[in-house]
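Trainee: I'd like to ask some things about the structure below.
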Amino acid sequence: MRIIIAAAVLALATPALADTIDEVTTKGIVLNVQGMDIDVTYTPDGKFTAMDGQVTGEWRRDGDKLCTKSNFDPNESCVEYPKDKASGDSFEVTGPAGAATVRIK
């Protein structure tokens with residue numbers, strides 16, 4: 001019984017690893033494409049905005065991929081995100097339009 005209680009306490013005391021897509025869609029990102037920073041905001045209802053509202057669209061999660069379509073590209077594209085990234089982290093992604101740097105706000 002003591003082992004079970006100790007394991008439960010340890011599990012509660014250990015911080016959960018960040019889920020990158022959850023972090024991205026709750027905090028937002030700054031996407032850097034060819035030297036241009038693009039602020040992207042996501043909402044829980046599966047919508048996103050970028051470039052001061054000039055770009056609007058929908059997002060959904062597919063495992064470790066974030067899938068989007070927008071008023072500029074109605075075809076859905078899915079990009080795989082690395083695991084365990086959190087607010088303040090930056091990382092590279094590659095999608096149909098090429099490579100970009102993502103920084104989680």
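The values are calculated or read from the model by the stated rules, or taken from the named source; none is laboratory data. From a predicted model like this one, the values you see are computed outputs, not experimental measurements. Please note: Cβ atoms are built from the backbone with ideal geometry, for glycine as well, and neighbour counts cover all protein chains shown.
Trainee: Just the residues that are without any contact (Cβ under 8 Å) to a residue 12 or more places away in the chain and more than 19 Å from THR43 (Cα to Cα), please, taken from region 74-90.
Mentor: Across region 74-90, the qualifying residue is only ASN75.
Trainee: Hey, another quick one. Within region 58-87, how many residues turn out to be farther than 17 Å from GLU23 by Cα and of a type in the set (Lys, Arg)?
Mentor: 1
Trainee: Residues of region 84-99 being at pLDDT 95 or above and either polar (S, T, N, Q) or assigned to a strand (DSSP E or B) (or both), which ones?
Mentor: SER87, SER90, PHE91, GLU92, VAL93
Trainee: Condition test on VAL55, is it aliphatic (A, V, I, L, M), closer than 15 Å to ASP22 by Cβ and touching a strand residue (DSSP E or B) at 6+ places or on another chain (Cβ under 9 Å)?
Mentor: So VAL55 fails the test.
Trainee: On to the next question. Do we have any residue at all in region 68-78 that's exposed (fewer than 15 other Cβ atoms within 10 Å of the Cβ), modelled with pLDDT under 95 and acidic (Asp, Glu)?
Mentor: yes
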